[in-house]
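Peer 1: Below is the structure I would like to discuss, written out as structure tokens.
Quick note: the coordinates plus some simple rules give every number you see, no bench work behind them. These figures come from a predicted structure and were not determined experimentally. As a convention, Cβ positions derive from the backbone with ideal geometry for all residues, glycine included, and neighbour counts pool all protein chains shown.
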Amino acid sequence: MKNIEETSAIIPVAGIGTRLRPHTHTWPKVLLTVGDKPILGHILDEVKNVGIKRVYLIIGHFGEKIKKYVATYYPELKVEYILQKEQKGLGHAVWMAKDYVRGPLMVLLGDTIISADLKKFLFSQDNAIALKEVEDPKRFGVAVVKNGYVARLVEKPEKPLSNLAVVGIYTFKKSEILFKSLEKLKLSGRMTKGEMQLTDALEIMIRSGHKIKPIMIEGWHDCGKKETIIETNKYILKRKKLSARVKGVLVQNPVYIAKSARIKNSIIGPYTSVGEHVQIEDSIITDSIINQGAVIHNMNLDKSLIGPDAVLKGRVEHVNIGENSEIKFEN
Ligand code: G1P
């Protein structure tokens, strides 16, 4: 469809993922596995399936790893990389693409997995943003809706005026108008929470009379910290009904086990993802994500997030225990 083919997608992936340390010390957050692929893979699948052809990835210090992943798994997408050297906020990341992008634009945040119909956004007559009712709106951009349009937007307010959070999909009929608002924001020097915010640029757009339509979505899955990435992993494995069979291994579905993983004498699952080239021996692993290349021996893991190439080797106890004795192996 012409409208969609003309649309560009900007995906900012330079964020340093402080809440996911230590993993993000050495690895870009968007390449952490959730379900059967990295976070970025899920987002690119959505973009590809809806028919968008041009993608701009705003990359940071792990840009090379991201380029390698995209080239290997998404050769059919036309992807341009724009390097954001300094982390000056989401508004700044999108502003970096101003010399490349023209016409209709979709911005998708690189740290969340969304199951929503992107066509609703692309076919909307107006600019649109995704909103979701949340219990604690303080950690999000917050929207006030009046007469069917967004009337105000505030980034991470102390006293939220609503519980409608901005959750990571934005579409613009004319990207030029967004870039103009970002330019104004940049010139004004205004920062919120120390960063140049996309939310503040949208507020400028609204004040200049441009309409933004709210689109409510349900399926929004945070991957921002260990607890939420494990939850999202479980959700994806269940939704996709992923399963695996490995000879000599007791697998409790749903699980994802990469073909190149080598597992011996273990119990895997439920709700566990095992990445490429992982080696597991004599272990029990439930509700966990084992990223590529990790080695795990003699471990009993639950709700764990194991980074790429990490090595985790436990002890095998040979116990000879008498009547009325007690030994406890504490966590
Ligand atoms: C960003 C946006 C915020 C939005 C959030 C959604 O914040 O600035 O408006 O609500 O993403 O995840 P960040 O999570 O990057 O601090």
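Peer 1: Could you please find all residues in the range 86-134 being more than 20 Å from the chain's Cα centre (by Cα) and among the acidic types (Asp, Glu)?
Peer 2: Across the range 86-134, the qualifying residues are Glu86, Asp99, Asp126.
Peer 1: Let me ask another. Do you know which residues across the range 92-114 are over 15 Å from Met216 (Cβ atoms), in a strand (DSSP E or B) and β-branched (Val, Ile, Thr)?
Peer 2: Val107, Thr112, Ile113
Peer 1: Residues that are within 26 Å of the chain's Cα centre (by Cα) and surrounded by fewer than 21 Cβ atoms within 10 Å (Cβ to Cβ): list the strands (runs of 3 or more DSSP E) wholly contained in the range 246-307 that include at least 1 such residues.
Peer 2: Details: elements: 255-257, 262-264, 272-274, 279-281, 284-286, 295-297, 300-302.
In the range 246-307, the matching strands (runs of 3 or more DSSP E) lie at 279-281, 284-286, 295-297, 300-302.
Peer 1: On to the next question. Specify which of the listed residues (Val70, Val101, Val50) is in contact (Cβ under 8 Å) with a residue 60 or more places away in the chain, closer than 21 Å to Asp36 by Cβ and either away from the ligand (no atom under 16 Å from the Cβ) or surrounded by fewer than 20 Cβ atoms within 10 Å (Cβ to Cβ) (or both).
Peer 2: When all the criteria are applied, what remains is Val50.
Peer 1: Going by what's in this entry, would His61 be described as within 14 Å of the chain's Cα centre (by Cα) and either surrounded by 15 or more Cβ atoms within 10 Å (Cβ to Cβ) or not hydrophobic (A, V, I, L, M, F, W, C) (or both)?
Peer 2: Spelling it out, it is not the case that His61 is within 14 Å of the chain's Cα centre (by Cα) and either surrounded by 15 or more Cβ atoms within 10 Å (Cβ to Cβ) or not hydrophobic (A, V, I, L, M, F, W, C) (or both).
Peer 1: Can you pull out the residues in the range 162-174 that are away from the ligand (no atom under 14 Å from the Cβ) and farther than 23 Å from Leu40 by Cα?
Peer 2: If the condition is that a residue be away from the ligand (no atom under 14 Å from the Cβ) and farther than 23 Å from Leu40 by Cα, then Lys173, Lys174 are the ones that fit.
Peer 1: Which of the following residues is within 26 Å of Lys238 (Cβ to Cβ) and in contact with a Cys (Cβ under 8 Å, 6 or more places away or on another chain): Leu32, Leu44, Leu40?
Peer 2: Details: Leu44 fails: in contact with a Cys (Cβ under 8 Å, 6 or more places away or on another chain); Leu40 fails: in contact with a Cys (Cβ under 8 Å, 6 or more places away or on another chain).
Residue meeting the stated conditions: Leu32.
Peer 1: Hey, any hits in the range 195-210 for a residue that's free of Cβ contacts under 8 Å to residues at least 40 places away in the same chain and touching a Lys or Arg at 6+ places or on another chain (Cβ under 7 Å)?
Peer 2: yes
Peer 1: Within the range 1-29, restricting attention to residues that are of a type in the set (Val, Ile, Thr), in contact (Cβ under 8 Å) with a residue 24 or more places away in the chain and part of a helix (DSSP H, G or I), which residue is nearest to the ligand (Cβ to nearest atom)?
Peer 2: Within the range 1-29, the subset of a type in the set (Val, Ile, Thr) is 4, 7, 10-11, 13, 16, 18, 24, 26.
Among the residues that remain, those that are also in contact (Cβ under 8 Å) with a residue 24 or more places away in the chain are: 4, 7, 10-11, 13, 16, 26.
Okay, now just the ones that are also part of a helix (DSSP H, G or I), so 4, 26.
Numbers: Ile4: 24, Thr26: 21 Å.
So the residue we want is Thr26.
Peer 1: Pull up the range 115-142, narrow it to residues that are in a loop (DSSP other than H, G, I, E, B), under 16 Å from Lys213 (Cα atoms) and of a type outside the set (D, E, K, R), then point me to the one that is nearest to the ligand (Cβ to nearest atom).
Peer 2: Ala116
Peer 1: Okay, moving on. Can you pull out the residues in the range 195-220 that are within 11 Å of the ligand (Cβ to nearest atom) and not in a helix (DSSP H, G or I)?
Peer 2: Hits for the range 195-220 are Glu195, Met196, Gln197, Trp220.
Peer 1: Return a yes/no flag: does the range 145-166 have any residue that is under 30 Å from Thr24 (Cα atoms), out of contact with any Gly (no Cβ under 9 Å at 6 or more places or on another chain) and crowded, with 22+ Cβ neighbours inside 10 Å.
Peer 2: Yes, that holds for at least one residue.
Peer 1: Give Val154, Val166 a once-over and let me know the one that is part of a strand (DSSP E or B), out of contact with any Ser or Thr (no Cβ under 6 Å at 6 or more places or on another chain) and touching a residue at least 40 places away in the same chain (Cβ under 8 Å).
Peer 2: Val154
Peer 1: Let me ask something else. Which of (1) crowded, with 19+ Cβ neighbours inside 10 Å; (2) more than 15 Å from the ligand (Cβ to nearest atom); (3) of a type outside the set (S, T, N, Q) is the odd one out, the single condition Leu187 does not satisfy?
Peer 2: (1)
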